[in-house]
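Comments concern the structure below.
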Amino acid sequence: MSAAITLLEPKPIWDHFGRISEIPRPSKNERKIAAHVIELARKHDLEVREDNTGNVVVRKAASPGKADSQMVALQSHLDMVCEKNRDLTHDFDREGIELVRADGYVKASGATLGNGAEILGFA
């Protein structure tokens, strides 16, 4: 786990973010992140399926007493934006993102965080 996020709260969220940041996931090479999402879903006894294209769908049943409530859907992509500074040597197919902290933010060292964002505030 990156030292840049070790002491941040809420710890479970930052730990999850750190694990995802360690997984290389450029477009057309999402197998490792898909496997991570599937493993996490199964660990938490969630319904999960993957289609032939590699799309992963995870479903969680309603909490007790909430079966008649409206459904909430969250959608995301598994791949990442692979942009880096010209002077950075980085293999997006094999290396995760190096996280650093600076001025109240978590940043990727010399690259984007993978979703097009350059910083995440934590203060």
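Read-outs: derived from the displayed coordinates by stated rules, not from any lab. Owing to the predicted nature of the structure, the values given are computational and were not obtained by experimental measurement. Note that each Cβ is placed from the backbone with ideal geometry, even for glycine, and that neighbours are counted across all protein chains shown.
Things to note:
- Taking 20 °C and 1.002 mPa s as conditions, the chain diffuses translationally at an estimated 133 µm²/s according to Stokes-Einstein applied to its Kirkwood radius (Cα pairs).
- Relative contact order of the chain, taken over Cα pairs closer than 8 Å and 6 or more residues apart, is 27 percent.
- Once the trypsin sites (Lys or Arg not before Pro) in DSSP loops with at most 15 neighbouring Cβ atoms within 10 Å are cut out of the chain, the longest remaining piece is 29-59.
- Between helix 11-21 and the chain there is an angle of about 70 degrees, using the helix long axis and the longest principal axis of the Cα atoms.
- Between the beta carbons of Arg86 and Ser27, assuming R0 = 22 Å, the FRET efficiency works out to 0.60 to the nearest 0.05.
- Positive-end extreme of charge dipole, the chain - chosen from Gly54, Ile20, Ile38 (charges on Cβ): Ile38
- On the basis of the beta-carbon distance and an R0 of 35 Å, Ala3 and Ala62 show a calculated FRET efficiency of 0.35.
- Helix 31-43 axis, angle to the chain major axis (alpha carbon atoms, nearest 10°): 40
- Measuring r between the beta carbons of Arg42 and Asp15 and using R0 = 22 Å, the FRET efficiency lands at 0.75.
- Eigenvalues of the alpha-carbon gyration tensor of the stretch 30-78, scaled by 5 and square-rooted, set the equivalent ellipsoid semi-axes at 23, 12, 8 angstrom, largest first.
- Among Pro26, Pro64, Pro12, residue whose mean-square fluctuation peaks in a GNM of the chain (springs only between Cα atoms under 10 Å): Pro64
- The relative contact order of the stretch 30-78 comes to 32 percent, based on Cα pairs under 8 Å that sit 6 or more residues apart.
- From its DSSP helices (H runs of at least four residues, each -39,500 (n - 2.57)), the chain gives a residue-normalised ellipticity at 222 nm of -6000 deg cm²/dmol.
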